[in-house]
Structure formats: structure tokens, C-alpha cells
Amino acid sequence: MSGRIEKILIANRGEIACRVIRSAREKGIATVAVYSQADEGALHVALADEAVEIGAAPVGESYLRADAIIDAARRTGADAIHPGYGFLSENAGFARAVAEVGLIFIGPSPEAISAMGDKAESKRRMIAAGVPCVPGYQGEDQSEERLLDEARAIGFPVMIKASAGGGGRGMRLVHDEAAFTRMLRTAKSEALNAFGDDRMLIEKAVMRPRHVEIQVFGDRHGNVIHLAERDCSIQRRHQKVVEEAPSPAVTPAIRAAMGDAAVTAAKALSYVGAGTVEFLLDGDGRFYFLEMNTRLQVEHPVTELVTGTDLVAMQIDVAEGAPLPLSQADVAIRGHAIEVRLYAEDPAQNFMPQTGRIEGWQVPEGPGIRADHGIIEGGEVSAFYDPMLAKIISWGDTREQARRRLVKAVADTRIFGVRTNRAFLLQALEAPAFAAGEATTAFVEETFGDGYAPPAEPALPPGALAAAWLCRGGRWSSSRWTESRVRLAVGEAQPAWFTVEGDEGALTVTDAEGARHAIEIVSAEGGVLRYRADGVLRSVPFHAGDEEIVFEVDASQYAVRDLTMAPPEAADGAAADGLVRAPITGMVISVEVAEGERVERGQVLATLEAMKMQHMVLAPVTGLVGTLAVATGAQISARDLIVEIVEEGA
Ligand code: MV4
């Protein structure tokens, strides 16, 4: 199916839907958005020429409904469907159904999608095509004895992987024979649970590898080229955080050999459109095929910035049947590009996904800076979708220039209303191993260990600044006052009293420890508080919400609540109460206790699922389970009551 494309339906949401709309518009092609009931006010809906609602907020009732999406395309007269990434992008059945109704699927053939969807099959095909793969066993015989024999023959350490797997699920690193069978069994049960398929493959484990992937592109005329590599080694729990092109570990010789291998892989599939061939690169410059992604990837912008291409425009061209606009000899790398993914998650709470209303959203601009996002001020970050908010991408003549530009751009990004991983991104970009171009897939663990340390408090405590503003110019201001006291809670800290003396020109704030800070409030407009301290004028972004004011100092945010009028007991309440509330909006997937049961402090009470992750709800105190307010399957909002634990001895 090919021909001129006049109107594209984008079967996706968020930043990638916006990204596809941009290239379509630049080509003079009309666009149709689809949206769930939760997304009526979303940016992708506003940007598209037309938009069709396809169902309720849960993805199974909207963005995964092939029938509703194809129906929307027919009703609006679209002649092509772009699937974006995720959702239906690597669903061979969807690609086939789109073609069957006479529409163009902007992506590879259903055969290529399904061949690469299974790890064992894709590996067998790549070995047959002569693409270097990790030595291993990917056969049909799945008996425990056979798999153990194969592991022995490969030599430990080995990697056990689910054939149907992805994202590290059903994967185990096994160091020695003694642990093999036990780990095989747990990996199999995890795979059966996650994919309904527990076939396994065994591979030699590559230690501290880099994740390097090659962008490939094919057309309907048999041409396949590659657009060099991206290094995506910085991942956290198999979620990419930082990506860059080119890879600091890839020499021209490695690039040529890896590029050839990737083109061979794509040609073996008669590949059409954009694809990515993933490799593991070891410390000695050897590389091994890992898997192939038959879609446009999240991190495609770094390739665009260093090769001067528009990959979405190229996808549309080849879908129309045009030959690739460039040959391998035309592909040259210029400069360096780095991307970070801004997620709605709180690094200080084990990266728990966050929900909320986006306030004060401002993306940086400047030479060499690109921001791809799909959010608008006032928009909701819901628990129904991926928590990625935006991608911030920099380009520079050198890697160091790109890195420093990106640090500044991330620091200058404004977002209030939801907590983000921004401070974590800054720490990753500033880490010596990353700055030196030495990060491997072990980077996050090696740099941050198990925990993540929030940045140190700035020299001028946010509480003192908040006190000065609140008493002189802020909401509780009265310029006639010459002295006032406020009781503020900053972040999770206990509330403390601040005394503010003097007038606007020269305030002295004394904190609970008796430390004195001289501050002059200059203005507070447009979400920016300007103040002078020690003779230096500074600006601090802030957002005044209903219950708290959030100040941002050195890219860290401090929520300040004014408890001056609150009854001291309630506010200072040190005793943990037994009311257990939902930490996040999501669905109750299990309730582990019964009413009247005795539970220990720390025992699991229930499990919630939100944003594709599971969260355990633990008992805050030892005691008896009171009335359960929720049951398995219930949809609940953050802070909803789950159960009360009646404390023992209370
Ligand atoms: C490996 C490996 C080492 N040796 N295979 C992780 C997810 C899946 N796509 C493949 N993965 C790995 N496979 C062998 N034979 C190490 C990983 C791996 C990894 C790969 C890419 C990016 C990040 C990673 C983090 C941990 C482990």
C-alpha cells in the first residue's frame, strides 16, 4: 500500500503525537489526533487539524483499541496511520488491519514486526544473516537439564532471558551453576506472569556493557542505510534516562562494522521505514546484537540533530513509496547531541510516579536546545499514562558543549505542580563518569547506589526567604507591620517559627535556631520572586498554590506551608496515626489483609498499580485492621483512605 499521503491519523498521545504532527504540517499534510476522555484538553488534540475521541482513559479502552482507531481514520478520511512508539506501534496485527482497510501503516511490514517480536526467533534469524550475536542457546528444547547443559557449555556468568521478554522482565544474571535452576524457575514464572509465555534463552553475560543502538532506514526499493549510533547506557530499571549521539565509546571502525551489521539485519527483513538495531558493546570494542525495535524510538532526536535529518519526514516519504532521500555516503555526523527524559516521578521517594496539575510550565530556548513535549499549563498528569513529561535535547560542536548546554537548559526548565526527576537528571549529567564519556549500563547503580541524595539546602534557607516574602509583600502582607512571626513547614521538616523585622528595604529574618538573614524583597511577579541578599540580586521561581507555596532554588523545589494559624498539635503531630491512605492515584490490584487481622508495622496491606508500576502499601503501625475502605479492582485517588489500623495499646 503506497501513494500520496494527504492526511495522517496519529495513533498516539503526548510528545510523540505532537512530534509527528509537526513534521506532517511541515510537509503540508493534514493531521488527525485520537484521544481518550482524559486527554480532551491535551496538546496533541489542540495541535491536530481534527481529533476523534476513542474511549475512556485506561489505555485498553482507548489508545490500544485498534478498531476504534481505524474507524476514526476512515471517518475522517485519513489515508495513513502513524503509530508513534509504544501502544500499537509494534503490533503486527494492527499493522495488518490498517493495510487490510486500504490505509498506509507508517512503519515496517507486519512480518518484520512479528519476526523481531520474539527474542529467540529474532536471534535465530540474525545468526542466519551473519549478524554477531551473544553466544548462547535459543533452541526449542526447554527442559531444565538441557538449559543447564547449555549454560555449562556457554560458561558462567550467563544471562537467562524470556524469549517473549522485554524491559528486563523474566531476565536473570546467574553467576554460577549452583544458583542456575532456582533462578531459571523464578525467571520462568515471572515470564509466564508477564507474557503468558515462559520459553527461555540462555546467553553468555556481557559484564558492564554499553547499550549502543544503530538507527536504520529502509525504503520500498530495497535500499537500507544507517544513521550511526545512539548510546543509551544510562538507564534506571530498564527505563532510559540519558541518550546521546554519537557514542563516546564508538570509534569510526566500530561504527562502520556495527552499521554494516545493522544494515545486514534490516536487509534480512526487507525492512521499510525507521528501525533500531540494539547492540551490547563490551569494554574491548566487541559488539553483539540484542534486539531490533521496529518503530521510531523516543530518543530519535539525538540522531536528527547530529545527522541533520527529519526522521518522521523520512518515514512519511518512504511510506508514500519514495526512495530514501540520502545514500549511505551522504550520512555524516556533525557535532554531538544529548537528550534527557523529564519524568513525573520523585527521586526522593524511590522514583515513585507523580500525578497532578502542571503549573508554570516553561521550556528553555536557546541555541542548540530542543524540547519535545506534549504538555500544557493546567494539564493533568494522570496515572493512566507513561510519566514521561518531556525530552530536553541539546546539540553542540563538541560533547562537552552539548553537555554544558543541557545542564543549563534542564536547570532553567520550569515546572510546578508535579514533582519531577529534574534534580536527578542534573546530577547524572554532572557526574564525573558521564562527563568523561565513560558511563556504562552500570552507571546509575555505580553513581547513585541504592539511594538518591537530594541536593544540599542552599545558603539562604528557603524558609527564611518564604517568611520574608509572606510578611512583606506576599499574601499575608501588611506593610504597616514592623515585626511579624510566621510558623512555616518547609518540605517534610517540622514546622518552625521565623521572625521578620524591618521594612521592605531591609528585612531581618531570624529562624528557629536563631540564625539571622538580611533580605530585601524586590518584586514578586510572573512567578518569579526577586530578592537581594549580600548585595546580590537573585531570582527565584515560585508557584503559589492553595495550600502551599513552592519555591525553586538551584533547580530544587521547596514546598512551604504557612501553619501560623494551624492548631499546633495537629500540625506538629509527631504520633503516626493508623489512617492508611493511597500514596498515588491508581488501581488496587491486591488486598493482603482481612478486617480484624493483626498486622505488624511494615507489613504489606495492599498493592496498587499506577503508571505501569506496582506500589506496596505498608502498615504504618502495629495493630488491628479496621474497616477496609477498598477492594481489589477499585480505582482510587491519591490520599483516599484504604484502611485504618487500630494501634495496639491505643
Ligand atoms: C544482556 C546483558 C548482558 N549480557 N545480555 C537488559 C534488557 C534487555 N533488553 C537486555 N538487557 C541486557 N542483556 C547479555 N547477554 C545486559 C543487559 C542489561 C542492559 C542492557 C541494555 C541497557 C541496560 C541494561 C541494564 C542491565 C542489563
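Put simply, the amide H of SER233, placed in the peptide plane, has neighbours under 5 Å in HIS211, leaving out anything fewer than 5 places away on its chain. Within the shell of other residues whose beta carbon sits under 11 angstrom from the beta carbon of PRO157, the net charge comes to -1, with Lys and Arg scored +1 and Asp and Glu -1.
Converting phi to 3J(HN,Hα) with the Karplus coefficients 6.51, -1.76 and 1.60 and the offset θ = phi - 60°, region 586-591 yields x, 10, 6, 9, 7, 10 Hz in sequence order, with x at every glycine or proline.
For the chain, DSSP calls about 90 percent of its internal beta bridges antiparallel. Computed over every Cα-Cα pair of region 149-289 and binned at 5 Å starting from 0, the pair-distance distribution P(r) comes out as 2, 10, 16, 16, 17, 18, 12, 7, 2, 0, 0 percent.
Modelled label positions at LEU579 and ARG185, each set 7 Å beyond Cα in the direction of Cβ, lie 4.5 nm from each other.
Applying both filters, DSSP loop and at most 12 other Cβ atoms within 10 Å, to the trypsin sites (Lys or Arg not before Pro) of region 62-105 eliminates every site. A Förster radius of 22 Å, combined with the Cβ-Cβ distance separating PHE195 from LEU618, puts the computed FRET efficiency at roughly 0.15.
When you restrict to C-alpha pairs under 8 Å that are six or more residues apart and normalise by the size of the chain, the relative contact order lands at 9 percent. Between ASP71 and GLU400, the modelled label-to-label distance comes to 5.9 nm, taking each label 7 Å out from Cα in the direction of the beta carbon.
Each label was represented as a point 7 Å from its Cα along the Cα-to-Cβ direction; for LYS27 and HIS221 these points are 1.6 nm apart. In this structure, the amide hydrogen of LYS27, modeled 1.01 Å from its nitrogen in the peptide plane, lies closer than 5 angstrom to no residue at least 5 positions away or on a different chain. Residues of region 173-191 with the amide nitrogen closer than 20 Å to a label point 7 Å from the Cα of GLU445, along Cα-to-Cβ, please. Residues 173-188, 190-191 fall inside that zone.
A simple packing score, the average count of other Cβ atoms within 10 Å per residue, orders the peptides 532-540, 299-307 as 299-307, 532-540, with the highest score first. Length gained on full extension, VAL101 to ALA433: 114.4 nm, using 0.36 nm per residue less the C-alpha separation. Local charge sum around THR31 (other residues, Cβ-Cβ under 9 Å, Lys/Arg +1, Asp/Glu -1)? Spelling it out: positives minus negatives among the neighbours equals 0. Could you pull out the GluC sites (Glu not before Pro) across region 390-444 that fall in loop regions by DSSP (anything but H, G, I, E, B) with no more than 16 other Cβ atoms inside 10 Å? Qualifying residues, ordered by number: GLU438. Taking each residue as 0.36 nm, the span from ALA566 to GLU457 lengthens on full extension beyond its C-alpha to C-alpha distance by 36.7 nm. Per-residue Karplus couplings for region 234-245, computed as 6.51 cos²θ - 1.76 cosθ + 1.60 with θ equal to phi - 60°, are listed in order as 7, 10, 10, 6, 6, 10, 5, 10, 10, 9, 8, 9 Hz, Gly and Pro entered as x. The phi-based Karplus calculation (6.51 cos²θ - 1.76 cosθ + 1.60; θ = phi - 60°) puts the 3J(HN,Hα) values of region 519-531 at 9, 10, 7, 9, 6, 8, 9, x, x, 10, 9, 10, 9 Hz, whole numbers, x for Gly and Pro.
Annotation: the chain has a Kirkwood hydrodynamic radius of 27.3 angstrom, from the mean reciprocal C-alpha pair distance.
Every helix of 4 or more DSSP H residues in the chain counts as -39500 (n - 2.57), and over all residues that averages to -7500 deg cm²/dmol at 222 nm. Figure legend: label point modelled 7 angstrom from the Cα of GLU61 along Cα→Cβ; residues of region 1-42 with amide N under 16 Å from it are 35-40.
Taking amide H as placed 1.01 Å from N in the peptide plane, ALA524 has its amide H under 5 Å from the amide H of ARG530, each at least 5 places away in sequence or on another chain. Applying 1/(1 + (r/R0)^6) with r as the Cβ-Cβ distance of GLU648 and GLU492 and R0 = 25 angstrom yields a FRET efficiency of 0.40.
Footprinting exposure proxy ranking of SER270, SER382, fewest other C-beta atoms within 10 angstrom first, gives SER270, SER382. In this structure, LYS408 and ARG639 have a Cβ-Cβ separation that, at R0 = 35 Å, corresponds to a calculated FRET efficiency of about 0.45.
Near ILE54, once Lys and Arg are set to +1 and Asp and Glu to -1 for all other residues with Cβ below 10 Å from its Cβ, the sum equals -4.
Read-outs: derived from the displayed coordinates by stated rules, not from any lab. Only a predicted model underlies this, so the values are computations on that prediction, with no experimental measurement involved. We place every Cβ from the backbone using ideal geometry, glycine too, and count neighbours over all the protein chains shown.
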